[in-house]
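Below: the structure, in structure tokens.
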Amino acid sequence: MKKLSILYIIGTLLIVGCSESELDTQPNDRYTEATYWTTEKNAMAALSGCYNALMAEGLFGAATPLLEETVTPNAYNSGNRGGFNVIALGTHNASSGGIIVLRWQDCYKGIGRCNTLLQRIDAAPISTDALKDRMKAEAKFLRALYYTMLEMYYGGVPLILDAPNFDAQADLPRNTREEVVTQILKDLDEAAAVLPLKYSGADVGRATKGAALALKARVLLFEASPLNNPSNDVSKWSAAANAARAVIELPGTGYALFPNYRSLFLPANENSSESIFDVQFSVVANGLGNSFDVVVGSFNSNAPLHAMIDAYDMKDGLPTSQSPLYNASKPYDNRDPRMYQTIVYPGDTYLGAVTTTTDPFKITGYGVKKYTLNDKEPNPNPIIVEGKSETNFMVIRYADVLLMYAEAQNEVLAAPQADVNAVTIYSAVNKVRQRAGLNPYEIPPGKTKAEMREIIRHERRIEFAMEGFYYNDIRRWKIAETVLPGYIYNSQNLPIVTRTFNPARDYWWPVPQTQRDVNPNLSQNLNY
């Protein structure tokens with residue numbers, strides 16, 4: 001049936017079988033809907049399926065989150081891996097493949113699994129009501145995350161809350177983005193009320209109360225930002241600030257910035273004090289790995305651009321134009337320590353050899369070490385099996401919460417120094433700068449709201465460089481039309497290609513044409 005492509009594939013964990021009305025006897029060589037939800041073990045496997053959808057290529061699998069950086073002024077994807085380069089060039093359309101198609105279908109795959117669990121789990125013999133309630137809360141968190149990934153890229157989408165039913169759901173129109181966001185916030189509030197603060201043992205990595213509250217803060221910040229709040233309704237900024245502060249002030253979580261920025265992104269320090277919600281890759285345990293080391297290290301598919309290097313200040317916290325430490329003849333010296341822990345540049349030592357403008361990174365002359373095992377010397381014990389790595393991807397980390405709070409609260413107040421909370425705008429940003437190793441790290445007092453806004457935006461660009469978050473930042477700040485168009489440059493400051501951005505179209509992705517072909521009730525975004 002052609003309509004199968006529009007919705008979601010539950011997968012082998014969640015049963016595809018015949019109903020009792022079709023057969024007089026139950027098959028004994030596979031599960032059916034009637035026989036699957038009969039043990040706690042099966043229900044837990046179904047919940048694992050809800051999590052495993054996160055590792056699909058349209059979400060956080062392969063090297064997708066790192067490749068998203070290439071749709072920004074920070075990086076370049078010369079081979080259009082994942083379909084990101086056509087978006088960066090502004091030449092994508094509804095028939096473009098890659099991420100535009102995969103994100104839609106993989107999000108709905110995850111939503112279908114969550115909906116099935118929520119609809120069926122009451123029939124399963126779960127050992128305690130508390131465990132059953134927690135499992136439901138985990139599924140609601142994950143459903144909210146999948147819908148967040150849809151509404152932040154496509155806008156309104158069909159809002160489906162029941163288990164897959166192709167006859168009932170295949171022709172559904174799009175709900176408004178506001179209706180989807182309302183459901184996301186409802187799911188997150190209900191999840192946060194039940195989820196624990198922490199887990200231990202094999203349960204580490206499951207959704208927590210802090211994860212639900214932090215995702216709520218991210219959703220509300222997206223709502224408050226200029227893209228979705230053109231009238232600058234301060235109440236929206238206040239809601240986002242309150243949501244982020246709720247995470248910061250949540251007792252018993254142990255959230256804190258991890259001391260070493262480079263080591264934060266290595267497998268040895270996964271699920272650290274800074275981690276709020278990770279995608280749990282594990283090659284050794286179950287073969288569920290990513291392609292971070294191969295795509296980033298070997299293929300250089302998220303090659304940093306000259307503009308990314310220019311964005312790094314000096315180690316005294318001042319821009320190159322103001323710092324006495326800057327020497328134009330030695331442009332890579334004395335920079336923000338995060339540059340050396342993120343970027344490989346010409347003259348740097350990488351895997352035991354000094355790099356040049358063409359070796360080993362030919363595309364722009366720059367490479368990335370963040371989220372890879374590679375650094376100055378070869379890793380003596382790389383955990384790579386058949387080309388797969390198992391470094392977790394941090395969907396939300398504590399530094400993000402601090403900067404989300406600072407950004408939202410700065411828009412609430414007349415001036416940043418008026419913040420009298422336990423964690424202030426200044427202290428939140430200074431914590432991130434202090435961990436980075438800037439000296440001095442303190443932002444001078446007396447900044448205006450506009451000045452602090454630019455400081456926070458700069459900190460976000462540097463702190464999360466090459467992690468894939470900057471694309472949504474420049475969209476929600478509505479500055480993509482300013483920072484994306486024009487030439488991009490390599491390490492020798494030579495032009496590579498010209499990018500374009502149509503502000504009347506490109507702030508939102510098109511609804512994939514493959515979906516509209518099977519469901520004519522799906523409307524298209526403007527100008528596609």
Selection from region 79-111 of residues of a type outside the set (A, V, I, L, M, F, W, C), more than 17 Å from residue 291 (Cβ to Cβ) and either outside any helix (DSSP H, G or I) or modelled with pLDDT under 95 (or both) yields 90, 91, 92, 93, 95, 96, 97
Flagged in region 162-189 as within 19 Å of residue 515 (Cβ to Cβ) and hydrophobic (A, V, I, L, M, F, W, C), in numbering order, are 166, 168, 170, 172, 180
If you scan region 456-474, which residues turn out to be without any contact (Cβ under 8 Å) to a residue 60 or more places away in the chain and either acidic (Asp, Glu) or over 16 Å from residue 225 (Cβ atoms) (or both)?
459, 473
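Residue-wise test of (1) crowded, with 17+ Cβ neighbours inside 10 Å; (2) under 24 Å from the mean Cα position of the chain (by Cα).
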position	(1), (2)
452	yes, no
460	yes, yes
472	yes, yes
495	no, no
504	no, no
Screening 139, 144, 75, 163 for residues that are in contact with a Pro (Cβ under 7 Å, 6 or more places away or on another chain), hydrophobic (A, V, I, L, M, F, W, C) and surrounded by 18 or more Cβ atoms within 10 Å (Cβ to Cβ) leaves only 75
Out of (1) outside any helix (DSSP H, G or I); (2) in contact with a helix residue (DSSP H, G or I) (Cβ under 9 Å, 6 or more places away or on another chain); (3) touching a residue at least 40 places away in the same chain (Cβ under 8 Å), what's the single condition that is false for residue 214?
(1)
Could you tell me whether region 221-241 includes any residue that is within 17 Å of the chain's Cα centre (by Cα), assigned by TED's automatic domain parsing to the domain that holds residue 398 and touching a residue at least 60 places away in the same chain (Cβ under 8 Å)?
yes
Could you please find all residues in region 425-455 being without any contact (Cβ under 8 Å) to a residue 12 or more places away in the chain and in a loop (DSSP other than H, G, I, E, B)?
444
Could you please tell me which pairs satisfy a Cβ distance under 6 Å, a separation of 6+ or placement on different chains, a first residue in region 90-101 that is within 19 Å of residue 488 (Cβ to Cβ), and a second residue that is β-branched (Val, Ile, Thr) and loosely packed, with under 15 Cβ neighbours inside 10 Å?
90/500
Sort through 332, 366 and tell me the only one that's more than 19 Å from residue 72 (Cβ to Cβ) and either at pLDDT 95 or above or aromatic (Phe, Trp, Tyr) (or both).
332
Restricting to region 347-378, and then to whatever is of a type in the set (Ser, Thr, Tyr) and either in a strand (DSSP E or B) or assigned by TED's automatic domain parsing to the domain that holds residue 269 (or both), can you tell me which residue is surrounded by the most Cβ atoms within 10 Å (Cβ to Cβ)?
350
Out of the residues in region 276-290 meeting the condition of being touching a Lys or Arg at 6+ places or on another chain (Cβ under 7 Å) and surrounded by 22 or more Cβ atoms within 10 Å (Cβ to Cβ), tell me which one is farthest from residue 201 (Cα to Cα).
290
Taking the options 400, 473, name whichever one is touching a strand residue (DSSP E or B) at 6+ places or on another chain (Cβ under 9 Å) and either assigned to a helix (DSSP H, G or I) or within 24 Å of residue 219 (Cβ to Cβ) (or both).
400
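The values are calculated or read from the model by the stated rules, or taken from the named source; none is laboratory data. Values in this document were obtained by computation on a predicted structure and should not be read as measured data. Ideal geometry is used to build each Cβ from the backbone, glycine not excepted, and the neighbour counts take in all protein chains shown.
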